[in-house]
Amino acid sequence: RVVYVNGSMENPLRYNFEELCETLLPFSREELEKKRKNKLETRKGSKNSNLRGFSGNRLAWDRLEDLRKLGLLRGGIKEGERMRHLFWHLNFLLLSGATHSSQMWYEAVALAREIDPNWNVCTPELSTLYWKAKAYNAGEKVEFDGKLHPPLYTPRNDTLINLFGITDNEQKQLRTIISETERHKRELAR
């Protein structure tokens, strides 16, 4: 619905798409292009990766999709598990680069409704994730085990398998959240 018209209803002031983006989005087109080039150069510079062609953003998105699929496989997400799922869905959505920290609370509401249409989430439990997302969007890194990592959570598959109690049968239907045993079975099947 129209909230405010700059000018008159018959002759409103109009803005082109580029002007709108420059005003509303957190980065200019030039800044985004520079970030993309830097990421590409960083990826070309890294030699050994066991992710075989996955970018960190792609892996995060695929993990989000795995968690969504897990909810479907289980016929929905039970009430006691909703916040855990929401937290990790949001974390991976932010880590994938599909959304920005400035949109996190809107995404939280949308994801909560995806988990349970009747769930009205309004919680400070996500505030730590919000601050980590802001740091991530600012390009900050944290050091862990002598390596630099994004400030958002980047768990290992075993951690996610244990956290969500993912069974061997469920892993067979997931793409990335799988155990070493399942990974070896898939490699042998190729």
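The values are calculated or read from the model by the stated rules, or taken from the named source; none is laboratory data. For clarity, every value in this text was computed on a predicted model and none was experimentally measured. With ideal geometry, Cβ positions are generated from the backbone for all residues, glycine too; neighbour counts draw on all protein chains shown. The accessibility values were calculated without ligands, DNA or RNA, using every heavy atom of the protein model including side chains. Shrake-Rupley method; radii C 1.70, N 1.55, O 1.52, S 1.80 Å.
So here's what we get for this one:
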| item | result |
| --- | --- |
| Set Lys141, Lys78: member being touching a Leu at 6+ places or on another chain (Cβ under 9 Å) and exposed (fewer than 14 other Cβ atoms within 10 Å of the Cβ) | Lys141 |
| Subset of the stretch 144-158 [within 19 Å of Arg63 (Cβ to Cβ) and either among the hydrophobic types (A, V, I, L, M, F, W, C) or open to solvent by less than 50 Å² (accessible area, probe 1.4 Å) (or both)] | Phe144, Pro150, Pro151, Leu152, Pro155, Asn157 |
| Residue match in the stretch 174-181 (condition: out of contact with any Pro (no Cβ under 9 Å at 6 or more places or on another chain), more than 22 Å from Leu72 (Cβ to Cβ), of a type in the set (Val, Ile, Thr) and without any contact (Cβ under 8 Å) to a residue 24 or more places away in the chain) | yes |
| Sole exception among (1) under 13 Å from the mean Cα position of the chain (by Cα); (2) more than 19 Å from Leu32 (Cα to Cα) for His100, by number | (2) |
| Options Ile166, Ile161, Ile177: the member that is open to solvent by less than 60 Å² (accessible area, probe 1.4 Å) and touching a Ser or Thr at 6+ places or on another chain (Cβ under 7 Å) | Ile161 |
| Which numbered condition Arg113 fails, given (1) among the basic types (Lys, Arg); (2) surrounded by 12 or more Cβ atoms within 10 Å (Cβ to Cβ); (3) over 18 Å from Arg68 (Cα atoms) | (3) |
| Search result, residues across the stretch 139-160 that are closer than 21 Å to Lys39 by Cα and aliphatic (A, V, I, L, M) | Val142, Leu148, Leu152 |
| Within the stretch 142-158, considering residues that are more than 17 Å from the chain's Cα centre (by Cα) and outside any strand (DSSP E or B), the one modelled with the highest pLDDT | Asp158 |
| Pairs with Cβ under 6 Å, 6+ apart, first in the stretch 1-30 and open to solvent by less than 100 Å² (accessible area, probe 1.4 Å), second of a type in the set (A, V, I, L, M, F, W, C) | Asn6/Leu13; Gly7/Leu13; Pro12/Val5 |
| Every residue from the stretch 107-158 that is over 28 Å from Phe27 (Cα atoms) and among the hydroxyl-bearing types (Ser, Thr, Tyr) | Thr123 |
| The stretch 165-178, residues that are hydrophobic (A, V, I, L, M, F, W, C) and within 13 Å of Leu64 (Cβ to Cβ) | Leu174, Ile177 |
